[in-house]
Amino acid sequence: MYELYKNWMRNFINYFRKMALQKRVTAKQIARLPLIFYGGEIMVVDDVAAAKLAVEELLAEEVLGFDIESKPAFRKGESYAPSLLQFAGKKRVYLFMLWKIGGLSPLKPILENEAICKVGIAIDYDVQNLFKIEKFTPRGFYDLATFSRELRVAHTGLRNLAAIFLRGRISKGSQLTDWSRERLTPQQISYAATDAWASREIFFKMSKYFR
């Protein structure tokens, strides 16, 4: 009887949590929020040996924030394969410069690992872009938009979800910069790390509504 009561109370509390959850946010509301960014350790991985060590550490993770960055295309029909792949874990964010580590092969133990939950925005689109480099079997990928729709949140973009769940504003200032350059700028590094970190943080905030 006690377990039944606990389950009933849990469902009752979650129902009112969902009812109280902010469902939409305007551009003006986002503009008034404080700027947030990842302030922890960032490792830029730019050679095969470093990639191998990073993957060994990441294999111990249960949930990773995931994102990619590509050189921007400004002409019709122009597109570029991803230059950077980001994984955010508990202790640090890893930025893999794909063209320097030999493509996706070093990362397949994570990309094809069903036991490691990879969360982000527009996952299917990102995976298709990664296929431009090399085919792999994606496992354990989850789109935050799926969870936001279940919570009846009107917006699914990372900036909007960060405003709702993290109560902060993410800068998009470095989005359209050249991610294929030999050395990333401090601004690019901060931007790329923040996007992956924010996805992970939003996932944990969202998960509270599904308990």
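The values are calculated or read from the model by the stated rules, or taken from the named source; none is laboratory data. Remember, it's a predicted structure, so these values are computed and weren't measured experimentally. Please note: Cβ atoms are built from the backbone with ideal geometry, for glycine as well, and neighbour counts cover all protein chains shown.
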Strands (runs of 3 or more DSSP E) wholly inside the stretch 41-127 containing at least 2 residues that are surrounded by 16 or more Cβ atoms within 10 Å (Cβ to Cβ) and of a type in the set (S, T, N, Q): 82-88
Residue within the stretch 168-182 that is in a helix (DSSP H, G or I), buried (at least 21 other Cβ atoms within 10 Å of the Cβ), out of contact with any His (no Cβ under 7 Å at 6 or more places or on another chain) and not β-branched (Val, Ile, Thr) present: no
Set 198, 193, 163: member being touching a residue at least 24 places away in the same chain (Cβ under 8 Å), over 29 Å from residue 52 (Cβ atoms), in contact with a Leu (Cβ under 7 Å, 6 or more places away or on another chain) and among the aliphatic types (A, V, I, L, M): 163
Hits in the stretch 108-142 (condition: free of Cβ contacts under 8 Å to residues at least 24 places away in the same chain, of a type outside the set (S, T, N, Q) and within 15 Å of residue 67 (Cβ to Cβ)): 122, 124, 125, 127
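Give me a count of the residues in the stretch 17-40 that are of a type outside the set (A, V, I, L, M, F, W, C) and loosely packed, with under 11 Cβ neighbours inside 10 Å. Give the derivation first.
Narrowing the stretch 17-40 to residues of a type outside the set (A, V, I, L, M, F, W, C): 17-18, 22-24, 26, 28-29, 32, 34, 38-40.
Going one step further and asking which of them are loosely packed, with under 11 Cβ neighbours inside 10 Å, we end up with 28, 32, 34, 39.
Counting residues in the stretch 17-40 that are of a type outside the set (A, V, I, L, M, F, W, C) and loosely packed, with under 11 Cβ neighbours inside 10 Å gives 4.
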Test for residue 88: is it under 14 Å from the mean Cα position of the chain (by Cα) and not acidic (Asp, Glu): yes
Failed item in (1) within 24 Å of residue 185 (Cα to Cα); (2) touching a Leu at 6+ places or on another chain (Cβ under 9 Å); (3) touching a residue at least 40 places away in the same chain (Cβ under 8 Å), with residue 92 passing the rest: (2)
Residues satisfying the stated conditions in the stretch 56-78, i.e. under 20 Å from residue 203 (Cβ atoms) and of a type in the set (Phe, Trp, Tyr): 66
Number of the exception - residue 71 against (1) touching a helix residue (DSSP H, G or I) at 6+ places or on another chain (Cβ under 7 Å); (2) of a type in the set (Lys, Arg); (3) at pLDDT below 95: (1)
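Please verify whether the stretch 154-172 includes one or more residues that are on the phi > 0 side of the Ramachandran plot and within 18 Å of the chain's Cα centre (by Cα).
Applying the first criterion (on the phi > 0 side of the Ramachandran plot) to the stretch 154-172 yields 167.
Add one more test, that the residue is within 18 Å of the chain's Cα centre (by Cα), and what stays is 167.
Yes; the residues of the stretch 154-172 include at least one that is on the phi > 0 side of the Ramachandran plot and within 18 Å of the chain's Cα centre (by Cα).
Kindly evaluate residue 6 against the criterion of being in a helix (DSSP H, G or I), among the basic types (Lys, Arg) and at pLDDT 80 or above.
Values: in a helix (DSSP H, G or I): yes; among the basic types (Lys, Arg): yes; at pLDDT 80 or above: no.
Taking the combined requirement at face value, the residue does not satisfy it.
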All positions within the stretch 137-158 that are buried (at least 16 other Cβ atoms within 10 Å of the Cβ), at pLDDT 95 or above and part of a loop (DSSP other than H, G, I, E, B): 138, 140
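Would you mind stating whether residue 161 is touching a Pro at 6+ places or on another chain (Cβ under 8 Å) and either part of a strand (DSSP E or B) or farther than 25 Å from residue 106 by Cβ (or both)? If you could, list the steps in order and put the result at the bottom.
Numbers: touching a Pro at 6+ places or on another chain (Cβ under 8 Å): no; either part of a strand (DSSP E or B) or farther than 25 Å from residue 106 by Cβ (or both): yes.
Spelling it out, it is not the case that residue 161 is touching a Pro at 6+ places or on another chain (Cβ under 8 Å) and either part of a strand (DSSP E or B) or farther than 25 Å from residue 106 by Cβ (or both).
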